[in-house]
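Bear in mind that the values in this text are calculations on the coordinates, not laboratory data. Small disclaimer: the values here were computed from a predicted structure and weren't measured. Neighbour counts are summed over all protein chains in view; Cβ atoms, including those assigned to glycine, are modelled from backbone coordinates with ideal geometry.
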């Protein structure tokens, strides 16, 4: 029996928001695993802002997805055929399987998913790359101290919502920036943020002044652009700005907007630091154990927005991120 | 006998380059020192890029010079009358005496100048704020390791020329960016920089690729704008960007140019950090002893460009900085 794979490939480099014509969806026979390989049936696709950056030409922290290649994606799936000694049929695994129904893997960078710990989608959220990014970005790069003010942009997103909760767990004042009343209410009432700012409801700088009156000690940025500038204007002495993402800029078709007031780093004796989560691979286990513990105790909540659909729905689901339509971790669950 | 003071006051907040009408030069009777004060005859005025930032409204790392106030300036002068127990007539002193011929001081933040160690102008250069800024900015904020590549913008300026020499002394590859062949030759042949890039002679990014082929480990920035962007595009993994100044932006009348490619901080896992030299006041002594030692051994050279003139010449001398007309520390020596 030959399985039919549905595959989403990059057809063109997008200018601005990705269009339908930037993708090519096709059905093709699934490859068979060779010796030392296994076949995965993909069940859950992680849908991430960074995907937009992988679609651009030029090496960033990872090489770009080339035209004609299967779109890169982290995913969880089940091993349905194995010729690999370490993976057995029935295993639930996480890996960069790509936007397709079936993937062949040699096991490199593939990790088991313990669904007794939490349902699979949580392993793409709080216990996945999102949770790890929030954990190391906030704690290692941001180095918040109890009592300090931590401001998070994109706070209702997969990484931001966890980063803010970790800040709160660590005894900081957690202030989230998000778009819309519903998200803000969720941050404060469900996740325990100390304050939430709806950037759509008024001037961000004056709202920051109200919500972070002593200034910002740690700014965890997922947004960039005007949001980053507003935060830079409110830094406390010695502040740390953590550069995690810049979703406001990923679809810019002209020149990107750099922070015009970056000299505030001098005024505030502050630093702005970038990081890439893969550098922490040898400490993932420490973080997952801690995050799972917080989930179990109820200190930490993971929220996944699971959209059911097929591979052909991926282009449209991706756009939700750039419209601000998602709350928590956005996942495409492939109907079986 | 009443002395006549010549004073340069800020008359208007400049838009772009300061114009003649932004200043008011006047003769007025010098104030007499009260009890606990002394009178200084100013001899050498330090002319610094940061002066332009002090002329803008709004608090930066120091309050702005208000309209009608004497223009702020670091200066060296001689005590000519004293009613202060710690300062005697004849003492040579450094302080923020302002752009004027005579200043009354209560001694706060005034330090003695040891002209047996080096002539007075050197105490505004390598042994003054410029040298201290280079020392702490490079060593404490930049943390260069032997063998690493340190790139300095504004390298022929007062701070940059010293920062580059310290990098070389510490066993780093020192690469300077400056405007014009003469400055570049001076950096390499006189100061021992490993390479110098004339930004006027061609594309800066490709010149950086040639002169820093392994990437930039420490970028010490005095310039900002396109220079900062070019350097960010060539950072080595884990690089430190030291934000010391942004002379290219100080006279911008529109919006400042932020680094559009600041996400390179993420790609390179790099940090960008601002600092203010005054924070290191309790360690000035350590630095001055070391800098004086390097001067004595010949490892470090201080160059001062001393322009002779009167207070009325200050506005024109200041503009030299923004035209790139100076090499080393720019000083206005007041004719006696």
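Rounded to whole Å, the principal axis extents of the Cα atoms in segment B:1-64 read 42, 26, 20, largest first.
Full-extension gain between residue A:62 and residue A:108, please, as 0.36 nm times their residue separation minus the C-alpha to C-alpha distance. Don't skip to the end; give the middle numbers.
Working: separation 46, 0.36 × 46 = 16.56 nm, distance 1.61 nm.
Net length gain for the segment: 14.9 nm.
Among beta bridges identified by DSSP and lying wholly in the protein assembly as shown, the antiparallel ones come to about 50 percent. For residue A:145, the label point sits 7 Å beyond Cα toward Cβ; its separations from the matching points on the remaining copies run 2.7 nm, from shortest to longest.
The residue of chain B whose Cβ sits closest to the rotation axis that maps B onto A, together with that distance in whole Å, is B:258, 2. Multiplying the residue separation of residue B:285 and residue B:20 by 0.36 nm and removing their Cα-Cα distance gives an extension gain of 91.5 nm. Expressed in units of 2.2 N^0.38 Å, where N is the residue count, the Cα radius of gyration of the protein assembly as shown is 1.12. Ranked for footprinting exposure by Cβ neighbours inside 10 Å, fewest first, A:221, A:106, A:91, A:48 give A:106, A:91, A:48, A:221.
Calculated on the alpha-carbon coordinates, the convex hull of chain B measures out at 130 cubic angstrom per residue.
Please compute the volume of the convex hull spanned by the alpha-carbon atoms of segment B:53-148 and report it per residue in Å³.
Working: hull volume 13.7 nm³, N = 96.
In segment B:53-148, the Cα hull volume divided by residue count equals 143 Å³.
For segment A:222-284, the Kirkwood radius over C-alpha pairs fed into Stokes-Einstein at 37 °C and 0.692 mPa s yields D = 256 µm² per second. Taking the fewest neighbouring Cβ atoms within 10 Å as the starting point, the ordered list for B:302, B:253 is B:253, B:302.
What the Cβ-Cβ distance of residue A:115 and residue A:201 gives, at R0 = 41 Å and to the nearest 0.05, is a FRET efficiency of 0.55. The mean sequence distance of close C-alpha pairs (under 8 Å, at least 6 residues apart), as a share of the length of segment A:129-278, puts its relative contact order at 22 percent.
Each other copy places its own label point for residue B:278 at 4.5 nm from this one, sorted shortest first, where the point lies 7 Å along the Cα-to-beta carbon line.
Each copy carries a label point for residue A:27 at 7 Å from Cα toward Cβ; from one copy, the others' points are 9.8 nm away, ordered from shortest. For segment A:129-278, the convex hull drawn through the C-alpha positions has a volume of 104 cubic angstrom per residue.
Fewest to most neighbouring Cβ within 10 Å: what's the order for A:244, B:172? Provide the component values of the computation, followed by the final result.
Values: A:244 30, B:172 23.
In increasing order of surrounding Cβ atoms, one gets B:172, A:244.
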